[in-house]
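Read the structure below first, then the notes.
Throughout, read-outs are computed from the coordinates displayed, never taken from laboratory work. All values derive from a computational prediction rather than experimental measurement. Cβ coordinates were reconstructed from backbone atoms using ideal geometry, including for glycine residues, and neighbour counts include every protein chain displayed.
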Amino acid sequence: MKGSFSLLRMYFLNNEIMSKIKYYTQEGLQKLKDELNYLITVERPAISKLIAEARDKGDLSENAEYAAAKDAQGMLELKIAKLQEIILNARVIDTSKVSLLSTVRIKNLKSFKEMTYTIVPESEADIKSGKLSVSSPIAQALLGKKPGDKVEVNAPAGVIPFEIIEILYK
């Protein structure tokens, strides 16, 4: 019985950690880091200064400025802790290569027709709205490739050559 409790506990702990993992582009993660740096280097000292000034005004029990500054400090520290947790659990998506959720503009090198598809999980595939299943032959050929790369897709009509024109993340 003890072994199953440990397994159950490990399962829930792992799911809790995994649910906190969020995916960002390099630019998106840098924006979070910049915000955290601003809060720590600019906002935190400013609030500390407000607290010191309010403390110098006398009796703290009746000092509304001191109470407000302490409240602001608490909110700031909460925001800093939340951002630190988000950054700690962040995973960076390589936007230079085609991957799941990439929007890819490709050119059929036989017909010279350009098409745009978003690579999505199988359950979200809808070719009419430009959502291509990750397990489709075209998506499988595109995964891991970069703009300028050429791929060949085996289709019922034969081998179709494509060139990757552009990768977008929306």
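Structural remarks
- Residue list for region 81-93, restricted to those being surrounded by 15 or more Cβ atoms within 10 Å (Cβ to Cβ) and of a type in the set (Gly, Ala, Ser): Ala90
- Each residue in region 122-145 was checked for being of a type outside the set (D, E, K, R) and in contact (Cβ under 8 Å) with a residue 12 or more places away in the chain, and 12 of them qualify.
- Residue count for region 94-107, restricted to those that are out of contact with any strand residue (DSSP E or B) (no Cβ under 6 Å at 6 or more places or on another chain) and either surrounded by 14 or more Cβ atoms within 10 Å (Cβ to Cβ) or of a type in the set (Ser, Thr, Tyr) (or both): 5
- Selected residue (criterion: surrounded by the fewest Cβ atoms within 10 Å (Cβ to Cβ)) from residues of region 123-150 that are in contact with an Asp or Glu (Cβ under 8 Å, 6 or more places away or on another chain) and assigned to a strand (DSSP E or B): Lys150
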